[in-house]
1. When the C-alpha atoms of the chain are aligned to their principal axes, what extent does each axis show, in angstrom, from largest down?
2. How high is the relative contact order of the chain? Use alpha-carbon pairs under 8 Å, at least six apart in sequence, and give a whole percent.
3. Take 87, 130, 35, 64 and order them by how many other Cβ atoms sit within 10 Å, fewest up front.
4. Which residue, 80, 101, 115, tops the fluctuation ranking in a GNM of the chain built on C-alpha contacts under 10 Å?
5. Taking the Cα atoms only, what angle lies between the long axis of helix 2-33 and the longest principal axis of the chain, rounded to 10 degrees?
6. How many angstrom separate the Cα center of region 105-163 from the Cα center of region 44-100?
7. Could you list 5, 55, 43 in order of exposure, starting from the residue whose Cβ has the fewest other Cβ atoms within 10 Å?
8. Taking the chain as the reference, fit the longest principal axis to its C-alpha atoms, fit the long axis of helix 101-119 to the helix C-alpha atoms, and give the angle between the two in degrees, 0 to 90, nearest 10.
């Protein structure tokens with residue numbers, strides 16, 4: 001069992017610092033993105049792309065957890081939201097919730113925004129839509145990073161018990 005989860009544990013722990021860099025970059029760039037300018041705002045584009053990257057990084061970890069721990073990966077048109085919902089669920093005799101309900105609710109907004117970034121031109125991005133996400137991001141990231149590390153510790157303990 002240790003071998004089964006070792007790669008996932010490493011991925012979670014290795015991705016936390018990368019996601020932390022992304023979050024810090026978003027928060028550092030945001031003040032420039034909200035400054036009034038008379039031409040397209042490349043800082044707003046940067047924040048949008050990094051918000052997209054933040055959620056995509058989270059979703060990759062959730063997919064790995066679904067694949068290697070739950071052994072159930074959602075499919076179909078709504079697989080993205082179903083994966084997020086799956087991560088807040090306790091799966092009896094398998095695992096605790098990966099993230100809590102509040103984290104899932106806040107992450108849903110990031111999921112929806114990522115969809116917007118993928119499907120519209122960046123010239124149509126609105127900073128007011130991003131404001132709420134940015135105000136929640138520091139606390140959200142603090143909670144989720146702790147939840148992910150706790151989940152990695154759970155997998156570590158599970159692996160140790162099975163040896």
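1. Cα extents, longest axis first: 63, 31, 23 Å.
2. Working: 142 pairs, mean separation 53.7, N = 163.
Relative contact order of the chain: 33 percent.
3. On the way: 87 27, 130 22, 35 10, 64 16.
In order of increasing Cβ crowding within 10 Å: 35, 64, 130, 87.
4. Of 80, 101, 115, the Gaussian network model singles out 115 as fluctuating most.
5. 20
6. Their Cα centres are 9 Å away from one another.
7. Values: 5 19, 55 25, 43 16.
Sorted ascending by nearby Cβ count, the order is 43, 5, 55.
8. 50
None of the figures in this text is laboratory data; all of them are computed from the coordinates on show. This is a predicted model, so every value here is computed, not measured. FYI the Cβ positions are ideal-geometry reconstructions off the backbone, even for glycines, and counts take in every protein chain you see.
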